[in-house]
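Undergrad: My questions all concern the structure below.
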């Protein structure tokens with residue numbers, strides 16, 4: 001018996017004032033959170049979130065939801081909450097995820113909407129409101145690649161020089177990230193967390209880990225998505241468009257050269273994709289969710305491609321090839 005689901009159902013009955021409704025899973029999640037769609041007799045729907053308080057960032061979820069709403073973004077409204085038990089009742093943004101609806105015909109419009117929303121929160125949400133994406137956090141994320149992918153998934157024990165080269169590569173990537181202008185970073189801004197909505201697209205989900213950090217982080221999450229890939233020419237065209245938008249919006253200074261912005265973007269992608277590969281491996285080995293392993297080959301292609309094209313990352317690229325990461 002699912003005791004938490006029983007408790008959540010009883011809580012929804014109490015706070016909604018509705019004794020009868022249908023409740024069923026709404027979506028999967030890579031965390032310990034679970035989402036259930038509540039459908040009432042009049043066909044109105046809401047989302048009930050089961051988010052164990054000892055494992056999830058519920059105060060941060062509430063705070064960032066409010067900040068995003070104040071910035072005019074479309075995120076779920078918090079209709080009721082029980083913070084002690086980790087139950088939240090949310091408005092329903094529907095079930096039209098970006099990922100299955102992205103095609104060559106729709107991508108320009110959908111990514112245009114997503115980049116417009118990205119610019120909005122980069123402009124409107126400020127440093128005092130959210131924690132910093134500092135060196136320690138950047139490094140900890142890359143260590144997921146070392147600990148869960150190289151060591152746990154591939155069973156590798158690095159030689160001393162290999163460990164040094166890996167650490168040097170991590171440090172280069174961290175320094176490049178820290179050199180960028182600092183803005184609000186959603187931190188998981190991709191096609192599984194963006195929704196097509198009737199009134200305002202995109203609906204934005206999974207924002208509770210937001211931090212103040214590198215300006216290109218969310219852009220690379222969107223355009224070099226771990227779950228879908230596009231030709232490099234398209235990606236560079238979109239990056240160029242966002243570079244212009246960022247200058248017009250005051251997100252970056254007008255002296256920021258496009259070449260510099262692209263380099264920030266590409267190096268940031270390596271950091272993020274190493275983190276993602278580590279998380280996918282951890283989901284398999286720790287959380288018994290092996291399905292994300294299917295997304296590692298696409299994600300690794302991004303890493304190897306960028307590292308092969310920058311002289312400073314050649315030692316790191318050679319190490320990944322030596323370790324059989326191709």
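We did not get these values from a lab; they are worked out from the coordinates using the rules stated. Everything quoted here is computed from the prediction, not taken from an experiment. Glycine also receives a Cβ, built like all others from the backbone with ideal geometry; neighbour counts cover every protein chain displayed.
Undergrad: Sort 84-92, 256-264, 287-295 by the packing proxy (mean of other Cβ within 10 Å over each peptide's residues), most packed first.
TA: 84-92, 256-264, 287-295
Undergrad: Order of 318-326, 298-306 by packing, highest average Cβ count within 10 Å first?
TA: Per-residue mean Cβ counts within 10 Å order the peptides as 298-306, 318-326.
Undergrad: Using helices alone, what [θ] at 222 nm do you get for the chain, with -39,500 (n - 2.57) per DSSP H run of 4 or more residues, divided over all residues and rounded to the nearest 500?
TA: Roughly -15000 deg cm²/dmol at 222 nm, from the helical runs in the chain.
Undergrad: Another question about this same structure. To test your reading of the geometry: what angle, between 0 and 90 degrees and rounded to tens, separates the Cα axis of helix 160-178 from the longest principal axis of the chain?
TA: 60
Undergrad: Could you tell me how far the Cα centroid of the range 250-307 sits from the Cα centroid of the range 208-225, in Å?
TA: Rounded to whole Å, the Cα centres lie 10 Å apart.
Undergrad: Measure nothing but the geometry: give the 0 to 90° angle between the long axis through the Cα atoms of 258-285 and the longest principal axis through the Cα atoms of the chain, rounded to 10°.
TA: Helix 258-285 sits roughly 60 degrees off the main axis of the chain.
Undergrad: Of (1) 20.5, 65; (2) 18.8, 57; (3) 25.0, 103, which one was derived for Rg and Dmax of the Cα atoms in Å from the structure shown?
TA: (1)
Undergrad: Output the peptides 69-79, 53-63, 203-213 sorted from most to least packed, where packing is the average of other Cβ atoms within 10 Å over each peptide's residues.
TA: 203-213, 69-79, 53-63
Undergrad: OK, next. Mean separation of Cα pairs under 8 Å and 6+ residues apart, divided by the residue count of the range 3-91: what relative contact order is that in percent?
TA: The normalised contact order for the range 3-91 reaches 24 percent.
Undergrad: Going by Cα centres, the range 113-173 and the range 6-48 are how many Å apart?
TA: Answer, in whole Å: 35.
Undergrad: Expressed as a rounded percentage, what relative contact order does the range 63-127 have, with Cα pairs under 8 Å and six or more residues apart?
TA: RCO, the range 63-127: 33 percent.
Undergrad: Return one number: the angle in degrees, 0 to 90 and rounded to the nearest 10, between the long axis of the Cα atoms of helix 107-124 and the longest principal axis of the Cα atoms of the chain.
TA: The angle comes out at about 90 degrees.
Undergrad: Viscosity 1.567 mPa s, temperature 4 °C: Stokes-Einstein D of the range 101-149 from its Kirkwood Cα radius, in µm² per second?
TA: The Stokes-Einstein estimate is 93 µm²/s.
Undergrad: Give me the percent relative contact order of the chain, please, defined on Cα pairs under 8 angstrom at least 6 residues apart.
TA: Taking the mean separation of contacting Cα pairs over the length of the chain, I get 17 percent.
Undergrad: Who wins for biggest fluctuation among 277, 47, 235 in a Gaussian network model of the chain, springs between alpha carbons below 10 Å?
TA: Sorting by GNM fluctuation, first place goes to 235.
Undergrad: With 10 angstrom as the radius, rank 182, 51 by how many other C-beta atoms surround their C-beta, starting from the fewest.
TA: Ascending Cβ contact count within 10 Å gives the list 182, 51.
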